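The structure appears below as structure tokens.
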Amino acid sequence: MEAQPEQPLEYVVCVNNDGYPASLELHKTYRVLADDDAGKHGDLRVIDESGEDYLYPANCFAFITVPENVKASLLKARQPLAARHLDTISQRESSSRQQRIPPVKPVAPIRAPVLSSPWRDSNRPTMTDWYPKRRFGDLPREMAERFGDREALVFRDARYTFSEVDKEVDRAGKALMALGVEAGDHVSLWLNNRAEWLFFMFGLARVGAVQVPVNTRFRTNDLEYVLRQSDSVMLITHDVSGPIDYLAMVREVVSLPGTGDSIEDSDFPVLKRVVIVGDGDYPGTVGWGTALAGAGRVTNEELKARADAVDPDDPVFIMYTSGTTGFPKGVLHNHNLIRNTEERAYRLGVTEDDVIMNYLPLFHAFGYSEGSLLSMVSGARHVITETFDPDEVLDLVERERATLANGFDTHVQGLCDAQEARPRDVSSLRTGLFGAGMHNSTPVIRRSFRLLRPMHAVSGYGMTEVWVGAMLGALDDDEEHRAETSGYPAPGYDIRVFDPDTGQEQPDGVAGEIRVRSYCLMLGYYKKPKETAESYDEDGWFCTGDMGERRADGYIRFIGRYKDMLKVGGENVDPMEVEGFLLEHPAVQQVAVVGVADRRLAEVPVAFVECKPGAEVDEDGVIAYCRGKVASFKIPRHVVFVDAFPMTASGKIRKVDLRARAAELFEAR
């Protein structure tokens, strides 16, 4: 009888065994059974040494080869697997932990047969080790070893090489240890952009502490909430920065000791010290200069031991959401954001020859990621400003020959206005990440194509919970994709658009809620298990609360926040669409549309308008401009003129404040 050809072996590698300690061994290879049930519910049937098989969630594995019928079933089951990435994508570990159902009985896994090949080397990492776990605190040292005396950081007149940054991070880490900061302690950073911000950021990570960046626009009530809710053992802040007396606000909130620096305040039972970055020492606090002088009490060996003990799976920071729609929540992330940043750097071609112009606040995800982290994974020089001043930024672009700039439409508009008023040489600008796609941002982004040329910025989308660059454009995108989309799902992200009411996936071109699965999702909201659970749907998708639509080419357009949508007489009104239209008015500099209660229509639009310098238009003129051009239910019923908008420190208009103002003005009528 003629011998039958041997069936090819299909294998998967375990990349996530949390929840199955007795059943799955990390990095071991398992054979897949290609039966009719495998893949139907997002499961894989794996075989043990004796030939018995058990079903496990597919997100426990990375794929080497998978039978075609199983692959088709997985895709039909809406597993977060892009067909072209089946061999490389491993799924997010933490989001699936609560989803897993233990197997009926444990499996005794075996390694697949080792195939003889000249390419196999027992000293090489296995496929699942292609991106080893790394730690924030190690990054400055890695860059110092690679780039040494190359310039790393510029702030005002201060310049630091990568070697000098690494030494400053060591000094900061030792000083923090000498002050009693232990591994796992939470330390709040209430600082404007400055060189020390980065030393604290990486120093805290190096000693295993959890950093808590605090919005510098927060005031006493906000500070009190964050200090208490985050369980911070230490607060690091300014004495005075510009016109703001931060120390005075701290004294309003915290009972500082009359002598010494050890805090005993029953309102903040875990808070131990306040550290002041400034000139001199202040009663009841520790001056940072004094703290640095005490760094010598910690040896190099003690610092190294602490750094070596840091687990990259543990939280590295708690970042509070910017709060455009209410009070923020603390978002927990671990060190896997390094992968996110490094992959984006590769996608944008960022190297040590680039210069990052960073005017975004370092306490915000955008500035934190695209400034501090990006520099420390790529070797790019990092130029920071204390705040965003368009003229200062453009002068620095010209002087420092900056190649990268990032921001929201408010930053883009400010840069375009300043460049049009006084042109600079911005020919060094190469690319960057601009939040695009929204109707109101489209004319702003298109204007930048002319005024910031030759810069070829790409569009992107992110939020603190899913991190930066969850969607990302490409360097060769055309103007339409750069201005009218928010990018394509980045590697390691599965992003889809769902009907929030039915939970069904929307067809292309139909708006719905953007939902995300990724290895990069937050660990959760700190001490808010209810809010964390409510942020996921029953299938494990993170619900962003953002409205978007998928195009036929796979790009997704962010339309706006669901909470911002208006319901006017039963009709849905996208305020960003109205804003984008009004921005075309020759007298309008900036506009924001919110809703206000109405007895007849339930809700009507209110436009807050900032006029261009020297331009004039009245309420009737704004309304007349809309008539005949947009649907009647989209036309603002009221127009309020403002000299400036309330803004978050990240450059977003605080619509929650505008809604309150609109209610004061019009709901009593």
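The values are calculated or read from the model by the stated rules, or taken from the named source; none is laboratory data. These figures come from a predicted structure and were not determined experimentally. Glycine gets a Cβ as well: all are built from the backbone with ideal geometry, and neighbour counts include every protein chain shown. Just the protein is used for accessible areas: all its heavy atoms, side chains included, with ligands, DNA and RNA removed. Shrake-Rupley method; radii C 1.70, N 1.55, O 1.52, S 1.80 Å.
The table below gives the values:
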{"quantity": "5 angstrom amide H check on ASN193, placed H, neighbours 5+ away", "calculated": "LEU362"}
{"quantity": "Solvent exposure of the stretch 224-286 as accessible area per residue, Å², 1.4 Å probe", "calculated": "45 Å²"}
{"quantity": "Gain upon complete extension [LYS527, ASN221; 0.36 nm per residue less C-alpha separation]", "calculated": "108.3 nm"}
{"quantity": "For the stretch 401-486, accessible area per residue (1.4 Å probe, heavy atoms of protein chains only), Å²", "calculated": "31 Å²"}
{"quantity": "Whole-percent carbon and sulfur share, accessible surface of the stretch 294-435, 1.4 Å", "calculated": "50 percent"}
{"quantity": "Exposure of THR259 as accessible area (Å², to 10), given a probe of 1.4 Å and all protein chains", "calculated": "120 Å²"}
{"quantity": "Heavy atoms of ARG150 accessible to a 1.4 Å probe, total area in Å² rounded to 10", "calculated": "100 Å²"}
{"quantity": "Sequence-distant residues sharing a close amide H with ARG561 (under 5 Å, placed H)", "calculated": "MET547"}
{"quantity": "Volume per residue of the C-alpha convex hull in the stretch 216-255, rounded to whole Å³", "calculated": "69 Å³"}
{"quantity": "List ASP138, ASP313, ordered by accessible area with a 1.4 Å probe, largest first", "calculated": "ASP313, ASP138"}
{"quantity": "THR544 accessible area, 1.4 Å probe, all protein chains in place, Å² to nearest 10", "calculated": "10 Å²"}
{"quantity": "Accessible surface, 1.4 Å probe, highest first, among residues PHE136, PHE388", "calculated": "PHE388, PHE136"}
{"quantity": "Carbon/sulfur fraction of accessible area - the stretch 460-547, other protein chains in place, 1.4 Å, %", "calculated": "46 percent"}
{"quantity": "Accessible area of the stretch 552-615 belonging to carbon and sulfur atoms, whole % at 1.4 Å probe", "calculated": "48 percent"}
{"quantity": "Probe 1.4 Å, protein heavy atoms only - accessible area per residue of the stretch 554-669 in square angstrom", "calculated": "48 Å²"}
{"quantity": "Ordering of 231-242, 273-284, 192-203 by packing [mean C-beta count within 10 Å, highest first]", "calculated": "192-203, 231-242, 273-284"}
{"quantity": "Listed residue pairs exceeding 27 Å between alpha carbons, taken from LYS167/LYS652; LYS133/LYS563; LYS634/LYS655; LYS174/LYS329; LYS567/LYS612", "calculated": "LYS167/LYS652; LYS133/LYS563; LYS174/LYS329; LYS567/LYS612"}
{"quantity": "Residues whose placed amide H lies under 5 Å from that of ALA209, excluding near-sequence neighbours", "calculated": "GLY184"}
{"quantity": "Scaled radius of gyration (Cα, divided by 2.2 N^0.38 Å) that the stretch 490-619 gives", "calculated": "1.30"}
{"quantity": "Karplus 3J(HN,Hα) series, Hz, for the stretch 160-165 with 6.51 cos²θ - 1.76 cosθ + 1.60 (x for Gly, Pro)", "calculated": "10, 7, 5, 5, 5, 4"}
{"quantity": "3J(HN,Hα) from dihedral phi, the stretch 223-238, Karplus parametrisation 6.51/-1.76/1.60, rounded to Hz, x for glycine, proline", "calculated": "4, 4, 4, 5, 4, 6, 5, 7, 6, 6, 8, 8, 10, 10, 8, 7"}
{"quantity": "Separation in nanometres of the label points that stand 7 Å from Cα toward Cβ, at ARG450 and ALA474", "calculated": "2.9 nm"}
